[in-house]
Every structure is written in structure tokens, then in C-alpha cells.
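Engineer: Please see the structure below; I have some questions.
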Amino acid sequence: MHNAPSEPRTVLVVVAHPDDAEFGCGGTLAAWAAEGWEITLVICTDGSAGGPDDATDVGPEARRRISEIRKAEQRAAAEILGLKEVVFLDYPDGMLQPSIELRRDIVRQIRRIRAQRVVCQSPDRVWTPQYSIPRFHPDHLAAANATVAAVYPAAQNGWDFPELLAEGYPPSKVRELYITGAPVLNYAVDISATIEQKLAALRCHVSQLGTDQTELAQRVRQWAAERGQEFGLALAEAFHRVEN
């Protein structure tokens with residue numbers, strides 16, 4: 001007599017840009033992957049506005065080139081972290097909106113992999129000194145708002161996006177939602193064993209972070225130590241975690 005195969009443990013991570021996941025939860029994703037979780041990373045934008053801030057050539061060809069570079073960097077980083085796959089929704093970088101279309105695309109991914117856990121950025125700004133202006137990026141807020149709306153009620157409600165039923169994606173209930181960079185952090189993951197994977201994944205993003213990331217690595221370690229201290233851990237990434 002054979003036992004029925006166990007249900008895969010699945011995670012969907014939704015962020016706006018390449019490198020967002022590495023900064024926000026790279027150590028956590030590596031830890032979960034090592035535990036056997038199957039992790040799909042969804043990048044909402046095409047990354048085409050990620051060139052130098054002072055660039056003068058920002059035409060279609062330049063945008064296509066930087067998009068291809070950033071996608072390749074993201075795939076390399078995902079491999080280091082042990083992720084199963086990377087999906088690019090290819091919305092124009094810098095112009096993301098929490099639209100019904102984006103919500104539907106995220107619901108499709110939740111249902112496709114039957115995601116038990118979803119990780120996203122914060123839909124709220126945090127007004128504390130340690131949070132820098134980049135944390136207010138409108139693409140981040142848009143991706144987060146669309147993801148939270150996708151998790152509940154749309155993913156589990158067959159009346160939302162009936163066209164997905166026709167595609168073969170029935171309702172699917174997310175059990176846990178993890179929000180990075182939230183105003184209230186109530187849950188932490190020990191990343192002491194995976195901090196090096198997180199840093200190695202960040203090193204893949206040369207187009208954004210350069211080749212010498214010594215100073216950045218020091219800051220990332222400091223941030224992880226500060227978060228860990230709050231939760232009684234050596235090095236940590238923190239989330240607002242809710243159950244559904």
C-alpha cells in the first residue's frame with residue numbers, strides 16, 4: 001500500500017523589481033528553500049528603468065538592454081537562493097499601478113502554484129528615520145497593494161476573475177502572508193545560516209549595485225543584526241505575518 005503523495009509546500013514571492021526580494025527577504029527564501037519549500041518569484045515590472053540615474057539615452061533600445069540585463073541578474077540570484085522559478089509580468093518599470101489587471105495576474109500565479117505562503121512588500125509607508133526615500137517607491141507600493149488584494153479575497157473566490165477558471169486555475173486559499181518592510185513587524189526568520197547566500201545573490205545585481213559591494217555587505221549585515229536583536233536572534237529578516 002502506497003501513501004498518497006504529500007502536497008508540495010509552495011511559496012509565491014511578489015515584488016516590483018529585480019533585486020527587491022534579495023534585499024527584503026533573500027536570507028529567508030534561502031532558508032525556506034533549504035527546508036524543501038518550492039518558491040516562485042514574481043517580478044511585476046520589466047526592470048527597464050533601472051539604468052543610471054544620470055543617463056541621457058533612455059530610449060526603447062536602451063530600455064530593452066537594461067531589462068534583459070536585469071532579468072539575467074535576477075535569474076542568477078534566484079539560482080543562488082534555491083528558488084524554483086522566476087516569472088516576469090513585464091509591466092513598464094516606473095509606471096506600475098495596483099490595477100485590476102495586475103491583481104488578476106497575481107491571482108493567476110497564486111492559483112497556478114497553489115501558494116500556501118505569499119511574501120510581498122509593504123503597501124504602507126513607514127515614517128521612521130531608518131527608512132530611506134527609496135522605500136517609498138511607487139512601484140513597491142503598487143505591487144504590494146495588488147498582492148494583498150489578490151491574496152484576499154480574489155485568489156480564494158471563484159467569483160473573482162472567472163476567466164481564470166476557464167484557464168484551469170480554480171480558487172486557492174493562501175494560508176500565510178508575509179509582508180516585508182511593514183510598519184509593524186511581528187515575526188522574524190533567523191538568517192545566520194543563509195546570510196552569505198543573501199549577499200551572494202545581491203552580488204548578481206551588478207547593473208544596480210556595482211561590482212564592489214563591500215560597504216553594502218557591511219550595511220546588510222548590520223541591518224540583519226539590528227533586526228535579530230529585536231527578536232532575540234543573531235541575524236534576522238523581519239515581517240508582518242498574518243494567517244488566513
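Engineer: Pairs only if they're at least six apart or on different chains, beta carbon under 6 angstrom, first in segment 166-186 and over 16 Å from Arg9 (Cβ atoms), second assigned to a loop (DSSP other than H, G, I, E, B); list them, first residue then second.
Structural biologist: If the second residue must be assigned to a loop (DSSP other than H, G, I, E, B), the pairs left are Pro171/Gly158; Ile179/Ser122; Gly181/Ser122; Ala182/Ser122; Pro183/Asp124; Pro183/Val126.
Engineer: If you don't mind, another one. Pick out the one residue from Leu102, Leu83 that is buried (at least 18 other Cβ atoms within 10 Å of the Cβ) and either without any contact (Cβ under 8 Å) to a residue 40 or more places away in the chain or in contact with a helix residue (DSSP H, G or I) (Cβ under 6 Å, 6 or more places away or on another chain) (or both).
Structural biologist: Step by step, each of Leu102, Leu83 is checked, and only Leu102 is buried (at least 18 other Cβ atoms within 10 Å of the Cβ) and either without any contact (Cβ under 8 Å) to a residue 40 or more places away in the chain or in contact with a helix residue (DSSP H, G or I) (Cβ under 6 Å, 6 or more places away or on another chain) (or both).
Engineer: I would also like to ask the following. Starting from segment 135-155, keep only residues that are more than 11 Å from Val15 (Cα to Cα) and touching a residue at least 40 places away in the same chain (Cβ under 8 Å), then list their pairs with residues that are among the aromatic types (Phe, Trp, Tyr) and surrounded by fewer than 24 Cβ atoms within 10 Å (Cβ to Cβ) whose Cβ atoms are within a distance under 8 Å, requiring at least 6 positions of separation or different chains.
Structural biologist: Matching pairs, first to second residue: Ala154/Phe161.
Engineer: List every residue pair whose Cβ atoms lie under 8 Å apart, where the two residues are 6 or more positions apart in sequence or sit on different chains, the first residue falls within segment 225-241 and is within 16 Å of Cys25 (Cβ to Cβ) and in contact (Cβ under 8 Å) with a residue 60 or more places away in the chain, and the second residue, located anywhere, is aromatic (Phe, Trp, Tyr) and surrounded by 15 or more Cβ atoms within 10 Å (Cβ to Cβ).
Structural biologist: That search, which allows pairs on different chains as well, returns Phe239/Tyr178; Phe239/Tyr187; His240/Tyr178; His240/Tyr187; Arg241/Tyr178; Arg241/Tyr187.
Yes/no matrix, rows are residues, columns are (1) under 19 Å from the mean Cα position of the chain (by Cα); (2) in a helix (DSSP H, G or I); (3) surrounded by 13 or more Cβ atoms within 10 Å (Cβ to Cβ):
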position	(1), (2), (3)
Ala155	yes, yes, yes
Leu164	no, yes, yes
Pro170	no, no, no
Leu177	yes, no, yes
Val184	yes, no, no
Leu202	yes, yes, yes
Gln208	yes, yes, yes
Leu216	no, yes, yes
Ala225	no, yes, yes
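Engineer: Out of all the residues in segment 56-87, which are among the β-branched types (Val, Ile, Thr) and either assigned to a helix (DSSP H, G or I) or under 17 Å from Gly27 (Cβ atoms) (or both)? Write out each step before concluding.
Structural biologist: The first filter runs over segment 56-87 and keeps only residues among the β-branched types (Val, Ile, Thr), leaving 56, 58, 66, 69, 80, 86-87.
Matches in segment 56-87: Ile66, Ile69, Ile80.
Engineer: Another question, then. Of everything in segment 92-113 that's out of contact with any strand residue (DSSP E or B) (no Cβ under 6 Å at 6 or more places or on another chain) and in a loop (DSSP other than H, G, I, E, B), which residue is nearest to Val242 (Cα to Cα)?
Structural biologist: The selected residue is Pro98.
Engineer: I'd like to verify a number: residues in segment 227-244 that are crowded, with 16+ Cβ neighbours inside 10 Å and either of a type in the set (Phe, Trp, Tyr) or in contact with a Ser or Thr (Cβ under 7 Å, 6 or more places away or on another chain) (or both), how many?
Structural biologist: 3
Engineer: Arg114 is checked against (1) under 16 Å from Tyr178 (Cβ atoms); (2) in contact (Cβ under 8 Å) with a residue 60 or more places away in the chain and fails just one. What number does that condition carry?
Structural biologist: Looking at each condition in turn, Arg114 falls short on (1).
A short reminder: the numbers here are calculations on the coordinates, not readings from a lab. Quantities reported herein were computed from a predicted structural model and do not represent experimental measurements. All Cβ positions, even for glycine, are placed from backbone atoms using ideal geometry, and neighbour counts span all protein chains on display.
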